[in-house]
1. For segment 33-120, list the strands (runs of 3 or more DSSP E) that sit wholly inside it and hold at least 2 residues that are over 16 Å from the mean Cα position of the chain (by Cα); which are they?
2. With the condition being aromatic (Phe, Trp, Tyr), within 26 Å of Leu163 (Cβ to Cβ) and at pLDDT 95 or above, I'd like the helices (runs of 4 or more DSSP H) fully within segment 232-335 carrying at least 1 qualifying residues.
3. Can you confirm whether His309 is of a type outside the set (A, V, I, L, M, F, W, C) and touching a strand residue (DSSP E or B) at 6+ places or on another chain (Cβ under 8 Å)?
4. Scan segment 336-363 and report the pairs whose first residue is of a type outside the set (Gly, Ala, Ser) and whose second residue is assigned to a helix (DSSP H, G or I), with Cβ atoms within less than 7 Å and a gap of 6+ or a chain change.
5. If you take the residues in segment 143-168 that are of a type in the set (Gly, Ala, Ser) and crowded, with 19+ Cβ neighbours inside 10 Å, which one is farthest from Val50 (Cα to Cα)?
6. Of the conditions (1) touching a Leu at 6+ places or on another chain (Cβ under 6 Å); (2) open to solvent by 10 Å² or more (accessible area, probe 1.4 Å), Ala134 satisfies every one except a single condition; which number is it?
7. Please state which of the following conditions Asp201 fails to meet, knowing it meets all the rest: (1) open to solvent by 10 Å² or more (accessible area, probe 1.4 Å); (2) part of a helix (DSSP H, G or I); (3) at pLDDT below 85.
Amino acid sequence: MASPRTPAAADPLLTERLRQEVERAVQRGLRGFELLGAPPPAVGRTPKTVLHRRGTLELVHYHAQAGEVYRIPILIVMAPTNKGYILDLTPGQSLVEYLLQRGYDVYMIDWNAPTAAERDLGLADYALDFIPDAIRRVQQDSGEQDVNLVSYCAGGLLSVLYLALTPDSPVRNLACFTTPIDFSHMELFRAMSDEATFDVDAFVEQVGGIVPASIVSAGFEALRPASRLAGQIRLWDNLWNDQFVAGFRMMERWGNETLPLPGAYFKDQVKLLMRQNALYEGELRLRGRLVDLSRITIPLLHVVAQYDHIVPAGCSRPLIERVGSRDKEEVVLPGGHVSLAAGANAIKRLWPRLDAWLESRSL
């Protein structure tokens with residue numbers, strides 16, 4: 001009678017898989033203890049100089065990384081709810097670094113938490129005061145009159161508001177990602193903003209004129225209520241993977257550092273954009289002037305995220321239809337609101353597309 005085979009002889013692949021799982025379980029435990037006391041991951045490491053600070057506004061200039069630099073500088077406009085380092089996570093995963101190495105001169109409006117004195121800042125202040133102020137300082141620092149804008153999310157919204165009301169702007173080209181235009185597609189945000197159940201004026205007074213970051217974050221998390229739990233599960237499953245853990249922690253830090261908002265800006269969003277959908281309906285007025293998107297005639301690239309849960313494609317796609325530019329292009333790329341601009345897919349898809357579009361428009 002043949003002797004029974006040992007488990008190892010019977011299935012060496014199974015034995016190897018069990019060994020790997022045990023090893024990974026040990027690594028998960030060790031890494032879990034390490035992460036409990038670990039400092040936040042380093043982000044935004046591309047060398048830069050702060051050119052100007054003014055309350056919530058911070059204007060930075062990144063140091064050149066190429067021998068030859070394009071003539072027209074780029075000013076990146078971020079959303080006031082988020083820090084700009086999502087575009088500069090770490091070497092090799094930084095859109096800013098990529099643009100610098102391709103020879104662009106890069107500046108960024110990187111917002112800070114608004115001060116108590118800034119509670120009355122509204123949409124008009126961001127679009128018609130902060131943006132032109134930053135543009136003037138970029139002109140002074142670079143010695144060039146022309147400027148290109150690259151804008152992300154609500155940064156794109158602020159940029160198109162500014163351009164629609166400033167026909168003589170020195171901005172020569174606009175590239176923007178996931179720019180909200182038709183707020184009827186933001187169904188959950190609109191439901192949370194409903195006048196029958198939410199007194200926005202009383203709420204802003206109750207929080208002292210500055211809407212806390214926790215409230216802003218809660219609004220985003222409500223769009224995907226299970227996303228934080230799912231993220232923690234993915235982290236546990238991949239604790240043995242140093243690269244995954246590093247990327248997860250950087251993204252988590254960015255999400256946790258959502259910024260508070262001035263009460264007036266928050267009220268403008270609720271009343272003018274969410275409830276009235278005034279921009280899409282052609283009825284939005286800032287400082288008494290009608291915002292007419294057809295007055296934007298400069299070259300425009302608009303990148304839409306196919307699976308965006310924050311700014312759905314239906315919300316952002318009307319931009320191309322409404323502007324008066326003859327040179328305009330819409331690109332729909334696979335990905336979500338964040339993965340469109342940061343991460344492995346962004347490196348392969350968005351970054352080269354943006355470079356190709358900017359190259360001939362930056363001379």
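1. In segment 33-120, the matching strands (runs of 3 or more DSSP E) lie at 48-54, 57-62.
2. Details: elements: 242-256, 263-268, 278-281, 313-316, 318-322.
Hits in segment 232-335: 263-268, 278-281.
3. no
4. Val338/Ile86; Leu340/Ala346; Leu340/Leu350; Trp351/Leu95; Trp351/Tyr98
5. Initially, segment 143-168 is screened for residues of a type in the set (Gly, Ala, Ser), giving 143, 151, 154-156, 159, 164.
Filter again for crowded, with 19+ Cβ neighbours inside 10 Å, leaving 151, 154-156, 159, 164.
On the way: Ser151: 19, Ala154: 22, Gly155: 19, Gly156: 22, Ser159: 21, Ala164: 28 Å.
Top of the filtered list is Ala164.
6. Single failed check for Ala134: (2).
7. Just one mismatch for Asp201, condition (3).
Yes/no matrix, rows are residues, columns are (1) under 30 Å from Gln145 (Cβ atoms); (2) not aliphatic (A, V, I, L, M):
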site	(1), (2)
Leu272	no, no
His309	no, yes
Ala313	no, no
Val331	yes, no
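The values are calculated or read from the model by the stated rules, or taken from the named source; none is laboratory data. Just so it is clear, the model here is predicted, and its values are computed rather than measured. Please note: Cβ atoms are built from the backbone with ideal geometry, for glycine as well, and neighbour counts cover all protein chains shown. The protein model used for the area step is the full one, side chains on, heavy atoms only, and it has no ligands, DNA or RNA in it. Shrake-Rupley method; radii C 1.70, N 1.55, O 1.52, S 1.80 Å.
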